[in-house]
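Every number in this text was worked out from the coordinates using simple rules, so none of it is lab data. Treat the numbers as computed from the prediction; the structure is a model and nothing was measured. No Cβ is skipped: glycine too gets one built from the backbone with ideal geometry, and neighbour counts run over all protein chains shown.
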Amino acid sequence: MKLVKARVQNYRSVEDSGTFEIGNLTCLVGKNEAGKTAILSALRALRPSKSQSFDIDETIDYPRRFSTRFDERHPDGEAEVIRTWWKLDPADILAVDRRFGPGALKSDSFEVHYGFRYDDEKRQWKIEVDDAKCLEHLVNKHALDATERNILHNVANGQEATKALSGLAEPTAKQSALLEDLKKVRESRFVLGIIDILEARQPRFFFTSHFERMSGIVSLNQLQQDRQHNKVTVGDKIFLSFLEYAGTTLEELIGADRREALKAKCEAASNEITEEIFQFWSQNNALEVVIEIDSGKPNDPPPFNAGVVADIRIRNTNHKATLPLSERSAGFVWFFSFLAQFKQLKKTENNAIILLDEPGLTLHGKAQGDLLRYIVERLLPDHQVIFTTHSPFMVPMDRLGDVRIVEDFILYNQRTGRPELKGTKIHADVLEVSDDTLFPLQGALGYEVTQSMFIGSHTWLVEGPSDILYLQTLSQALRKRDREGMDRRWTLCPSGGIDKIAPFVRLFGGNHIDIAVLSDVANAEKKKIEAVKREQILKAGRFFTAADFVGQQEADVEDIFDPELFAEILNGAYKPPVGKEVSKDELLAAAETERIVKKAEALFKLMPPEVPEFDHFGPARWLLDNPQVLDRDSPAVLATLERAEKIFATFNALLP
């Protein structure tokens, strides 16, 4: 089953987040203290991982500004904190069908919510069940004949059936078997029986933050005592997870009369994790994790001066030296610690939903890009992932639909000027935010685009952000058809126009970055393009214009689109009034030029005042939000995709 929506209320800074959609990957972007961690904590409280006890505390977690008004705000005595919407997959439905028969569920979706003062701290489910079909299935299962069924005449549910069968003085064997089967269902209520089946299959929430790092040196005897008194630190808990993944235990290490075998287990596990790290860690490939297990030495500080001590060290093979894990870079330690937790999680809770709070915060920007790649390539195939960030390098720019903006929303009273707190809100539209969210938006979106040259070793320069949106959407459409889209090694980057391409290449072209260009071209710019080519600052054959692919003398990226399809995109983006919709013929006749954007500009000057002026970005954004228009097999769509595929094939061929 998949989590598809959530809503957080009455929790810390969150008065009401609003309902927000959740996909396989969900990125919550916002500045510090916006409430991102509160959102993750509320989700976590719904169903924590087995290895992580966690619950909400009314005294600490209920919003302080309302703490004296709890009863007034919640007359029924309960304050909902988290409500979630889930969608069942075929395996979940089959599990229910096997127990209660086909049609037992009226829907493939359900809700679960939880909050302060809920009865017996139970999570509340809202799920539609057909009691009549459930009962009929059990009756047929035990093969009651017509006479045996008479006792169930006008019985509507499991409780009524249990009561009727329990009242029989001499039930038949089949009636007794049915009664026992009904009693196996919690309270003889079919809805509770189905909830029990689905709850056992429901993913738990595994949470980790950038603060959680494995201890570098551990006194195993002290850790054993701490565990007995339930005082284990976060770092030591990660160490215990590592031991479990390695296939050994704390007691086994302490009591071993031959530690070499146990040390070999630990080293094998650390080698596997290290090997995995270096598939995604581009900062330094000369590091190895070394586990040393020895007796404490008298002159070491307590508790490391006695008993058995595990020392996790990092060896730098270039410098031929080892240092304690705690003295290595915080980024590497976090990455190793996260993988140690995740590897153990895979063994125990393979369908967990992973919550990452500011993952990789201490990593270099390029390493954060590596971490994001790890999340997409390693975690997403088996897990839903929800993570928070305010780093530009952790925003999945090729998946803007998965980004949610988190802001602490404040209104100011126009009369008094005093702030009116609305609490943490979540917005799905990353392109429309208030001024208060401008900084994190610049940091997480705009800055990511302009700094992408530091991440991408293969940079594809285009003129502006609209070109990026067009090319990404067209690439996705082609991939859906199993055709050639843009190679994932390309990093799209806006140059700002032909005048800025040459300075860009001079500045970054020698920094081991492979650069290719797709430029718009107008007659007035042809001399500039030729000048760039003559300077030979680009490798030969790596400068293309849109005209090279559409059979025109002048062209922009928009000319990839068939005029009929582009007219449809314009109508969707600007919604002109009835009778003023853009048609293919009107668009083509709007101006004496080959460039379709110039035709659109001329046509929109004739539109009624209520229609916004034409701009490059509006249609591109609309297409990003409505990619399904490219799923059709109309001549206009097919012609567009044919031209786009030619561009991608040409640029992909430039890659090594």
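Annotations
- Only DSSP H runs of four or more residues enter the estimate; each adds -39500 (n - 2.57), and after division by the residues of the chain the mean residue ellipticity at 222 nm equals -11500 deg cm²/dmol.
- Calculated on alpha-carbon atoms, Rg and Dmax of the stretch 210-348 in Å: 14.5, 43
- Of the chymotrypsin sites (Phe, Trp or Tyr not before Pro) found in the stretch 161-226, the ones in coil according to DSSP and having at most 16 other Cβ atoms within 10 Å of their Cβ are Phe211.
- Peptides 105-114, 461-470, 602-611 ranked from most to least packed, by the mean per-residue count of other Cβ atoms within 10 Å: 461-470, 105-114, 602-611.
- Cross-link check: pairs Lys50/Lys265; Lys528/Lys605; Lys346/Lys646; Lys231/Lys263; Lys263/Lys346; Lys36/Lys265 evaluated at a Cα-Cα cut-off of 32 Å; pairs beyond the cut-off: Lys346/Lys646; Lys36/Lys265.
- C-alpha long axis of helix 173-183 to longest principal axis of the chain, angle in °: 60
- Relative contact order of the chain, taken over Cα pairs closer than 8 Å and 6 or more residues apart, is 12 percent.
- Looking at the stretch 246-328, the trypsin sites (Lys or Arg not before Pro) that sit in a DSSP loop and have at most 12 other Cβ atoms within 10 Å of their own Cβ are Arg258, Lys320.
- Each of Cys493, Cys134 has some number of other Cβ atoms within 10 Å of its Cβ, and from fewest to most they run Cys493, Cys134.
- Simple rule: put +1 on each Lys or Arg Cβ and -1 on each Asp or Glu Cβ in the chain, find the dipole, and look at Val395, Phe561, Thr274; the Cα lying farthest toward the positive end is Thr274.
- Antiparallel content of DSSP bridges confined to the chain, in %, to 5: 60
- Here Lys183 is the anchor, and the lysines within straight C-alpha reach of less than 25 Å, apart from those fewer than 8 places off in the same chain, are Lys106, Lys122, Lys126, Lys133, Lys141, Lys163, Lys174.
- Count Lys and Arg as plus one, Asp and Glu as minus one, and take only other residues whose Cβ is under 14 Å from that of Lys343; the net charge is then -2.
- For q = 0.11, 0.13, 0.21 Å⁻¹, Debye-computed log10 I/I(0) when each Cα of the stretch 44-199 counts as one equal scatterer: -0.59, -0.74, -1.24
- Summary value for the stretch 210-348: 32 percent relative contact order, contacts being C-alpha pairs under 8 angstrom separated by 6+ residues.
- Tensor-based shape of the chain (alpha-carbon gyration tensor, a/c under 1.5 rounded, otherwise prolate or oblate): oblate
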